[in-house]
Amino acid sequence: MSTAIVPSPAVADQQTRERLAKVVTQVLAEAKKSGASAAEAGVNISQGLSLTVRLGEVETVEHTRDKGMGVTVYFGQRTGSASTTDFSEQALRETVRAACTIAKFTAEDDCAGLADPARLAKDIPDLDLYHPWNPGTERAIELARAAEATARGADKRITNSEGGSLSTHEGLEVYGNSNGFLGTVASTRHSLSVSVIAQDDAGMQRDYWYSVARDAKNLESPETVGQHAARRSLRRLGSRKLSTRECPVLYEAPIAASLLSHFVSAVRGTSLYRQASFLLDSIGKPIFADFVRIHEQPHLKGAQGSAGFDSEGVATQPRDLIRDGILQGYVLDSYSARKLKMQTTGNAGGVHNLTIDPGKENLEGLLRQMHTGLLVTELIGFGVNMVTGDYSRGAAGFWVENGEIQYPVEEITIAGNLKDIFRRIKAVGSDVDTRGNIRSGSILIENMTVAGS
């Protein structure tokens, strides 16, 4: 195969930034010229490399370069949106015209409109999100191959592989609106992952590991990623089934964030104004155990969820969602805030580095605290009813006695109600997983139903 592809220049050079800002400015001017009372537009350009190596052989190599522009126009309370990947002046005019035509046929919505001008970001901080990396195809293959080779060579019981993968991504986004806001964000995201299969007389087990970073220098080494993947697969060999029981459950850090994602869904504005949340009218009420603090940290340097402004241009601010177990606020964009007769919380596009404060114990310490119960390391399916809070998910992990892992388990279901699960949190680990937008250590739940054979 040929790998003589020359990496594209960085997408966020000054010339490109100015060109995309000009596109946004032109689109907003065209919207005003077409009679729109207000408008907003966003332009993005990105490029990346993604490849997979399996059993030492290159399976896929994909170089990407994408761009797009989206515009929303407002004629009073009527709204229309359109998008294009063509940045020529004619295409931009036609896209604005299409949005205006759509707006003429939409019903009036008294909650539609741009964000409150007073809440728009004025001083946008540099959050150290942009570190372009062009390793070249050959070097990228070497890294993915090294990670997979380490995992495959860790033990003779590693018999197969789903592959080692490496990806790089860099992007530039410019957002502007007719209230005078114009903001630019350049960001990168690089990752390295491995998934392998272990086998013994009892059967086969699969697991994986990955590393992700804004700056490639902060990626774990291929050897570390491979060793983690192998160790996680090997430890699952000999999995057993459990009988149905009630017991403490400890969520390992990489999956504990899923509990917080359910919380975010329940306090998101769209769920609340549609009356589709088990946490309706809960501000000021105890939701979690009284020691729990959950807060946003949007301005962490180099973190995955950092942002100086949301997708409406609203300034982001550090804030508590849960303090002393009590709900302090919701997750709102401008539209849902108006629906609820509240103010936007700067969460158009999602939360920003949502963090549950860690405790002092690492995973081993939490196992000792649990003493006897279930350590969950994998969740399967999505059995969550956000209206009632009922929770039931397939799981795999390890049975623990006397604070030590005894044997792996599989084909079980853990169940309860999220209201009870949140209140029954006994401890949060110090082993915080920072690879995503939700940052959590392992979480120990006092009691849940474990359904087995």
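The values are calculated or read from the model by the stated rules, or taken from the named source; none is laboratory data. What you see is a predicted model; the values in this text were computed from it and never measured. Neighbour counts are summed over all protein chains in view; Cβ atoms, including those assigned to glycine, are modelled from backbone coordinates with ideal geometry. With ligands, DNA and RNA removed, areas are computed over all heavy atoms of the protein, side chains included. Shrake-Rupley method; radii C 1.70, N 1.55, O 1.52, S 1.80 Å.
The figures follow:
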{"quantity": "Which numbered condition T345 misses (of (1) surrounded by 17 or more Cβ atoms within 10 Å (Cβ to Cβ); (2) over 27 Å from F278 (Cβ atoms))", "calculated": "(2)"}
{"quantity": "Filter result for T355 (at pLDDT 95 or above and either closer than 14 Å to P248 by Cα or open to solvent by 30 Å² or more (accessible area, probe 1.4 Å) (or both))", "calculated": "no"}
{"quantity": "In the stretch 256-303, the residues that are of a type in the set (A, V, I, L, M) and assigned to a loop (DSSP other than H, G, I, E, B)", "calculated": "V267, A276, L279, L280, I283, I287, A289, V292, L300, A303"}
{"quantity": "Test: residue in the stretch 113-121 that is in contact with an Asp or Glu (Cβ under 9 Å, 6 or more places away or on another chain) and open to solvent by 40 Å² or more (accessible area, probe 1.4 Å)", "calculated": "yes"}
{"quantity": "Residues satisfying the stated conditions in the stretch 324-342, i.e. open to solvent by 50 Å² or more (accessible area, probe 1.4 Å) and among the β-branched types (V, I, T)", "calculated": "I326"}
{"quantity": "Test result for N179, touching a residue at least 24 places away in the same chain (Cβ under 8 Å) and either within 26 Å of the chain's Cα centre (by Cα) or not in a strand (DSSP E or B) (or both)", "calculated": "yes"}
{"quantity": "Test for I158: is it in contact with a helix residue (DSSP H, G or I) (Cβ under 8 Å, 6 or more places away or on another chain), on the phi < 0 side of the Ramachandran plot and at pLDDT 95 or above", "calculated": "yes"}
{"quantity": "Given (1) closer than 20 Å to L237 by Cα; (2) free of Cβ contacts under 8 Å to residues at least 12 places away in the same chain, number of the condition V409 does not satisfy", "calculated": "(2)"}
{"quantity": "Residue check, G329 farther than 30 Å from A41 by Cα, modelled with pLDDT of 95 or more, touching a strand residue (DSSP E or B) at 6+ places or on another chain (Cβ under 7 Å) and small (G, A, S)", "calculated": "no"}
{"quantity": "Some residue of the stretch 139-161 being in a helix (DSSP H, G or I) and among the β-branched types (V, I, T)", "calculated": "yes"}
{"quantity": "First in the stretch 271-300 and without any contact (Cβ under 8 Å) to a residue 12 or more places away in the chain, second anywhere and open to solvent by 50 Å² or more (accessible area, probe 1.4 Å) and in a loop (DSSP other than H, G, I, E, B), Cβ under 9 Å, 6 or more apart", "calculated": "Q275/V387"}
{"quantity": "Unmet requirement for V225, which otherwise passes all of (1) out of contact with any helix residue (DSSP H, G or I) (no Cβ under 8 Å at 6 or more places or on another chain); (2) assigned to a helix (DSSP H, G or I); (3) among the β-branched types (V, I, T)", "calculated": "(1)"}
{"quantity": "Pair list, Cβ under 6 Å, 6 or more apart: the stretch 372-397 residue over 14 Å from L259 (Cα atoms), other residue open to solvent by less than 50 Å² (accessible area, probe 1.4 Å) and of a type in the set (F, W, Y)", "calculated": "L375/F398; T388/F278"}
{"quantity": "Complete set of residues in the stretch 309-339 that are over 30 Å from F291 (Cβ atoms) and among the β-branched types (V, I, T)", "calculated": "V314"}
{"quantity": "Which listed residue is part of a helix (DSSP H, G or I), open to solvent by less than 40 Å² (accessible area, probe 1.4 Å) and not aliphatic (A, V, I, L, M), from S211, S187, S233", "calculated": "S233"}
{"quantity": "Test: residue in the stretch 88-95 that is touching a residue at least 40 places away in the same chain (Cβ under 8 Å), crowded, with 17+ Cβ neighbours inside 10 Å and over 21 Å from L182 (Cα atoms)", "calculated": "no"}
{"quantity": "Count of residues meeting criterion [within 20 Å of the chain's Cα centre (by Cα) and open to solvent by less than 20 Å² (accessible area, probe 1.4 Å)] in the stretch 130-175", "calculated": "5"}
{"quantity": "Answer from R78, R54 - the residue that is open to solvent by 70 Å² or more (accessible area, probe 1.4 Å), within 28 Å of the chain's Cα centre (by Cα) and modelled with pLDDT of 95 or more", "calculated": "R54"}
{"quantity": "Residue check, F105 at pLDDT below 95 and either over 16 Å from N44 (Cα atoms) or surrounded by 18 or more Cβ atoms within 10 Å (Cβ to Cβ) (or both)", "calculated": "yes"}
{"quantity": "Residue under evaluation S277, criteria (1) open to solvent by less than 50 Å² (accessible area, probe 1.4 Å); (2) among the polar types (S, T, N, Q); (3) under 26 Å from A427 (Cβ atoms), criterion not met", "calculated": "(3)"}
{"quantity": "Pairs, first without any contact (Cβ under 8 Å) to a residue 60 or more places away in the chain and farther than 14 Å from R189 by Cβ in the stretch 111-135, second open to solvent by 50 Å² or more (accessible area, probe 1.4 Å) and charged (D, E, K, R), C-beta under 9 Å, six or more apart", "calculated": "D126/K301"}
{"quantity": "Test: residue in the stretch 388-406 that is assigned to a loop (DSSP other than H, G, I, E, B), crowded, with 16+ Cβ neighbours inside 10 Å and not basic (K, R)", "calculated": "yes"}
{"quantity": "Members of the stretch 15-30 found to be over 12 Å from V96 (Cβ atoms) and either in contact with a His (Cβ under 9 Å, 6 or more places away or on another chain) or open to solvent by 40 Å² or more (accessible area, probe 1.4 Å) (or both), listed by number", "calculated": "Q15, R17, E18, R19, K22, T25"}
{"quantity": "Candidates R268, R319 - the one that is modelled with pLDDT of 95 or more, basic (K, R) and buried (at least 21 other Cβ atoms within 10 Å of the Cβ)", "calculated": "R268"}
